[in-house]
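K.L.:
This structure is in structure tokens; I'll ask about it shortly.
The values are calculated or read from the model by the stated rules, or taken from the named source; none is laboratory data. Note that the coordinates shown come from a computational prediction; the quantities given were computed from them, not determined experimentally. Neighbour counts run over all protein chains shown; Cβ positions are idealised from the backbone, glycine included. Each accessible area value is taken on the protein alone, full model and side chains, heavy atoms only, with ligands, DNA and RNA left out. Shrake-Rupley method; radii C 1.70, N 1.55, O 1.52, S 1.80 Å.
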Amino acid sequence: MSVAVPLHPDAASERGDLDLLQRFQSLDALLAEHDYFWKPRPFETTHPSWRNVHPGLYNAINSLSDAEVDTCSAEPARFQEIAQPFLPWLPELSRASELAAASSRPLTFSPFDALHAPGRKWRQVTAFAAALPPLSGHVHDWCSGKGHLARAIAGANEVTSLCFELDAQLCESGQALADKQQLPIRYVQQDLLQPFDSSTEAYRGGWRLGLHACGQLHVNLLRAGVDSAADGVAIAPCCYHKLCLGEQYQPLSETARRASLTLSLKDVSLAVQETVTASAKERAQREKESQWRLGFDVLQRQLRNKDEYLPTPSLPKAMLNGDFTAFCAWAAQEKQLTLPKDIDYAQFATAGRSRYREVRRVELVRHLFRRPLEIWLALDRALFLQERGYEVTMREFCSREITPRNILLVGRRRKDAANESGLSAC
Ligand SMILES: C[S@@+](CC[C@H](N)C(=O)[O-])C[C@H]1O[C@@H](n2cnc3c(N)ncnc32)[C@H](O)[C@@H]1O
């Protein structure tokens, strides 16, 4: 099977290498200046604070039908067209967030491997593998799972691979698959959140790969990579908010440490809010749950006489087969609230639906900043590598339908990079 994933290759030459620092500075200024649009969470605030400053935009979102909201949620570019007349700086935000497609090598993958990886995962793996530059020497695949990536690159590159993975079962089944094809891959069961001395001679040089290693894990990969003078590093980051230390986002690069934008991990989670995999049934269930939660939110604000959001725990899924009244009884018990007997549940259910209608529309505005924030975070990683002696490119390795976490950062160590090493730690 051969894979080539050109996205918008003509854009590659024009925008692909837009200076990383310039791009970062532009995004930093825009995200910080307009943070009142995206830092508050519509689910937790009854009306957006910006509605009096931008009444035109507020009216425009309120006049959208539910079907139009569905379209705009599925195709963010559609909503940009609607919002643009009210937000003149939007084209600049989009330009700074747009990435070119990575050029892809026409690789051949084993049909045997395709049988052992779920369809969407295999498309991610093959697109990522095809977008990598030719590799040589030793490769470390971080958070390898069964090591689909290491097996995918084995045929096209002169490499030996080490797959690091926490789950012993995945290591065992990955090793069996690699052995069956006599591939030079060894699986190592390793908790990569624990300090891990990768600076020893056996680990120096080579390539570090991380396809969807979550938050702290890909941060550790980058640190371990530069500490062990890796020849190259290639990651597709995800779950930027899953970091080990504290509630505030700690930038990696010097540049981002001096940035205007400061972020809590809760702010950071906006960057990964987009999902493209939910079925119609899952979406309907999520909608019902959101409406109930918002209805309960209106009720609890009245009950407590406090205009403040009260988070409720995650819901036993079976409860969605019940009704709103039972949900309120459950939520009240969880939050140790006593419900009076004469509550008009129908009224609060209606209020929940109406809040949901507004939340969906305000989220459209908030989501204008989702990709820019993700690019800001990815640029923090790119600039970290650049500051540590790497030439870095940042591209998309596949379309967002295959995965919205489609950013590929490739860093190649410059020949003149300082020969430093140290220990990586969480
Ligand atoms: C999203 S999956 C990605 C798997 C693989 N890279 C791929 O794309 O097919 C993340 C992987 O990280 C592994 N993982 C989670 N925590 C880990 C840790 N502390 N140390 C090492 N691996 C970990 C999980 O078991 C899982 O296999």
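K.L.:
Among the listed residues L170, L149, identify the single one that is within 9 Å of the ligand (Cβ to nearest atom), open to solvent by 50 Å² or more (accessible area, probe 1.4 Å) and outside any loop (DSSP other than H, G, I, E, B).
P.N.:
Numbers: L149 fails: open to solvent by 50 Å² or more (accessible area, probe 1.4 Å).
Only one candidate passes the filter, namely L170.
K.L.:
If S144 passes every condition in (1) touching an Asp or Glu at 6+ places or on another chain (Cβ under 6 Å); (2) at pLDDT below 95; (3) buried (at least 16 other Cβ atoms within 10 Å of the Cβ) but one, which one does it miss?
P.N.:
(2)
K.L.:
Tell me, which residue of the range 46-100 that is part of a loop (DSSP other than H, G, I, E, B) and farther than 27 Å from S26 by Cβ is most open to solvent (accessible area, probe 1.4 Å)?
P.N.:
Applying the first criterion (part of a loop (DSSP other than H, G, I, E, B)) to the range 46-100 yields 46-48, 52-54, 63-65, 75, 87-89, 98-100.
If we keep only those that are farther than 27 Å from S26 by Cβ too, we end up with 46-47, 52, 63-65.
Details: T46: 48, H47: 93, N52: 130, S63: 89, L64: 15, S65: 51 Å².
Result: N52.
K.L.:
Would you please name the residue that is modelled with the lowest pLDDT, looking only at residues in the range 120-141 that are near the ligand (Cβ under 10 Å from one of its atoms), of a type outside the set (D, E, K, R) and open to solvent by 10 Å² or more (accessible area, probe 1.4 Å)? Don't jump to the end; show me each part of the working.
P.N.:
At the first step, the residues of the range 120-141 found to be near the ligand (Cβ under 10 Å from one of its atoms) are 121-122, 124-125, 128, 141.
Those still in the list that are of a type outside the set (D, E, K, R) too: 122, 124-125, 128.
Among the residues that remain, those that are also open to solvent by 10 Å² or more (accessible area, probe 1.4 Å) are: 122, 124.
Details: W122: 93, Q124: 96.
For the range 120-141, the residue satisfying everything is W122.
K.L.:
Considering only residues that are out of contact with any helix residue (DSSP H, G or I) (no Cβ under 8 Å at 6 or more places or on another chain) and not polar (S, T, N, Q), look in the range 268-297 and name the one that is nearest to L27 (Cα to Cα). Show your work before the answer.
P.N.:
Step one: of the range 268-297, the residues out of contact with any helix residue (DSSP H, G or I) (no Cβ under 8 Å at 6 or more places or on another chain) are 269, 275-276, 279-284, 286.
Checking the rest, the ones that are also not polar (S, T, N, Q) come to 276, 280-284, 286.
Details: V276: 25, A280: 34, K281: 36, E282: 34, R283: 32, A284: 35, R286: 32 Å.
Checked the range 268-297; the qualifying residue nearest to L27 (Cα to Cα) is V276.
K.L.:
Is at least one residue of the range 208-217 over 16 Å from the mean Cα position of the chain (by Cα) and either closer than 30 Å to K415 by Cβ or modelled with pLDDT of 95 or more (or both)?
P.N.:
Residues of the range 208-217 over 16 Å from the mean Cα position of the chain (by Cα): 208-209.
From the residues that got through so far, the ones that are either closer than 30 Å to K415 by Cβ or modelled with pLDDT of 95 or more (or both) too are 208-209.
So far as the range 208-217 goes, yes, one or more of its residues are over 16 Å from the mean Cα position of the chain (by Cα) and either closer than 30 Å to K415 by Cβ or modelled with pLDDT of 95 or more (or both).
K.L.:
If I go through the range 152-167 residue by residue, how many of them are crowded, with 17+ Cβ neighbours inside 10 Å and either under 21 Å from Y203 (Cα atoms) or of a type outside the set (G, A, S) (or both)? If you could, list the steps in order and put the result at the bottom.
P.N.:
Taking the range 152-167 and keeping what is crowded, with 17+ Cβ neighbours inside 10 Å, we get 152-154, 156-157, 159, 161-165.
Checking the rest, the ones that are also either under 21 Å from Y203 (Cα atoms) or of a type outside the set (G, A, S) (or both) come to 153-154, 157, 159, 161-165.
So the count comes out to 9.
K.L.:
Can you name the condition, by its number, that L243 falls short on among (1) away from the ligand (no atom under 16 Å from the Cβ); (2) open to solvent by 30 Å² or more (accessible area, probe 1.4 Å); (3) assigned to a loop (DSSP other than H, G, I, E, B)?
P.N.:
Only one criterion is unmet by L243, namely (1).
K.L.:
Out of the range 177-192, which residues are within 13 Å of the ligand (Cβ to nearest atom) and either surrounded by 15 or more Cβ atoms within 10 Å (Cβ to Cβ) or among the basic types (K, R) (or both)? Before you say what the answer is, go through the steps one by one.
P.N.:
Applying the first criterion (within 13 Å of the ligand (Cβ to nearest atom)) to the range 177-192 yields 177, 187-192.
The answer is L177, Y187, Q190, L192.
K.L.:
Return yes or no: is A117 within 11 Å of the ligand (Cβ to nearest atom), crowded, with 19+ Cβ neighbours inside 10 Å, of a type in the set (A, V, I, L, M) and part of a helix (DSSP H, G or I)? So that I can check it myself, show each step before the final result.
P.N.:
Values: within 11 Å of the ligand (Cβ to nearest atom): yes; crowded, with 19+ Cβ neighbours inside 10 Å: yes; of a type in the set (A, V, I, L, M): yes; part of a helix (DSSP H, G or I): no.
No, not satisfied.
K.L.:
Then there's this: Could you tell me whether the range 300-312 includes any residue that is free of Cβ contacts under 8 Å to residues at least 60 places away in the same chain, surrounded by 13 or more Cβ atoms within 10 Å (Cβ to Cβ), of a type in the set (D, E) and not assigned by TED's automatic domain parsing to the domain that holds V392?
P.N.:
Looking through the range 300-312, none of the residues is free of Cβ contacts under 8 Å to residues at least 60 places away in the same chain, surrounded by 13 or more Cβ atoms within 10 Å (Cβ to Cβ), of a type in the set (D, E) and not assigned by TED's automatic domain parsing to the domain that holds V392.
K.L.:
Something else now. Within the range 298-404, considering only helices (runs of 4 or more DSSP H) that don't extend past its boundaries, which have at least 1 residues that are farther than 29 Å from L261 by Cα? Full working, then the answer.
P.N.:
On the way: elements: 324-334, 345-366, 370-387.
Because the criterion is at least 1 residues that are farther than 29 Å from L261 by Cα, the helices (runs of 4 or more DSSP H) in the range 298-404 that meet it are 324-334, 345-366.
K.L.:
Mind listing whichever residues of the range 203-237 are open to solvent by 10 Å² or more (accessible area, probe 1.4 Å), within 15 Å of the ligand (Cβ to nearest atom) and not aliphatic (A, V, I, L, M)?
P.N.:
Within the range 203-237, W207, H212, C214, Q216, R223 qualify.
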